[in-house]
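Heads up: the structure comes next, in structure tokens.
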Amino acid sequence: HEDGFPHIQLQNPNSWDVQLGADPACWEAWTTVMQRCWDLVMQEPTLPGTFLFEWQDRAVADQSPTKLYYYDNRSKLSYIKIKGIVDAFRNPRPWWYTLKMVYSPIQFGEKASVSDSNRATFEVENRYSFTNVSELKATWKLFDGEKVVASGEVDPNIPPLSKGTVAIDLPKMAESLRVDFEDAHGREVVAHQFVLL
């Protein structure tokens, strides 16, 4: 921001996006809106982030005889607002998985290029503030349909808050290439699958 002071946007995406693409009942648009928001956050040094609106459905145990909202007889809950990334019981909704990709500290380029010698290359952006991508475990799998035809590890060196190219020498050509990043505790950071054919 021009004044040099930090700004944190609240209620993202529904109060940030000028196109209001993520209004209630347009949940499938949240991923696109959130990607635009985070791309802007990453460009501006005074934007440390945004707050997601909203994480979980708001639901209350309703003891009142008058039911003012959608009331679920089975759970005995009144659903006040039902536009969360997870429901009132914290079950992930379908858009949770795509939003996970937006929030991931590792971002992938759109496509992987494959040379005549079967070297696959793709862009990776490291959005970690202090972690080099080399500190993560990076593995790859080559697929024909759902069958894994080859696999291996790769050790990219991409410093924090920078972009780089990852190259993998494939033993053969196949339909798709999946790349997984895990942290030191074996937890998935992100996985991405490129269509090659």
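With 0.36 nm allotted per residue and the present C-alpha distance subtracted, the Ala167-Asn73 stretch has 28.3 nm of extension available.
Summarising the amide proton neighbourhood of Ser75: residues at separation of 5 or more, or on other chains, whose placed amide H is nearer than 5 Å comprise an empty set. Regarding the chain, what is the average projected area of its C-alpha convex hull, in nm²? The Cα convex hull of the chain, projected and averaged over all directions, gives 15.5 nm².
Looking at the chain, the DSSP beta bridges with both ends there are about 90 percent antiparallel. Normalise the Debye intensity by I(0) for region 143-197, one equal point scatterer per Cα, no solvent, then take log10 at q = 0.14, 0.18, 0.22 Å⁻¹ and round to two decimals. For the requested q values the scattering log ratios are -0.46, -0.74, -1.02. Karplus-derived 3J(HN,Hα) values for region 126-131, using 6.51 cos²θ - 1.76 cosθ + 1.60 with θ = phi - 60°, are 9, 9, 5, 7, 10, 9 Hz; glycine and proline are entered as x. Go ahead and run the numbers for FRET between Val195 and Phe5, Cβ-Cβ distance against an R0 of 45 Å, rounding to 0.05. Here the calculated transfer efficiency is 0.55. Helix 30-43 sits at what angle to the longest principal axis of the chain, using alpha carbons and giving 0 to 90 degrees rounded to 10? The angle comes out at about 60 degrees. The GluC sites (Glu not before Pro) of region 51-150 that meet both conditions, a loop assignment by DSSP and at most 15 other Cβ atoms within 10 Å of the site Cβ, are Glu54, Glu110, Glu146. Using heavy atoms of the protein chains and a probe of 1.4 Å, the accessible area assigned to Trp55 is about 120 Å².
What the chain shows is 61 Å² of accessible area per residue, with the surface traced by a 1.4 Å probe over protein heavy atoms.
For region 69-180, the Cα-based Rg and Dmax, in that order, read 19.8, 62 Å. Mind checking which lysines have their C-alpha under 22 Å from Lys76, skipping anything on the same chain fewer than 8 residues away? Straight-distance partners of Lys76: Lys67.
The values are calculated or read from the model by the stated rules, or taken from the named source; none is laboratory data. The structure presented is a predicted model; accordingly, all values stated were derived computationally and were not measured. Positions of Cβ are backbone-derived with ideal geometry, glycine not excepted, and every protein chain shown enters the neighbour counts. The protein model used for the area step is the full one, side chains on, heavy atoms only, and it has no ligands, DNA or RNA in it. Shrake-Rupley method; radii C 1.70, N 1.55, O 1.52, S 1.80 Å.
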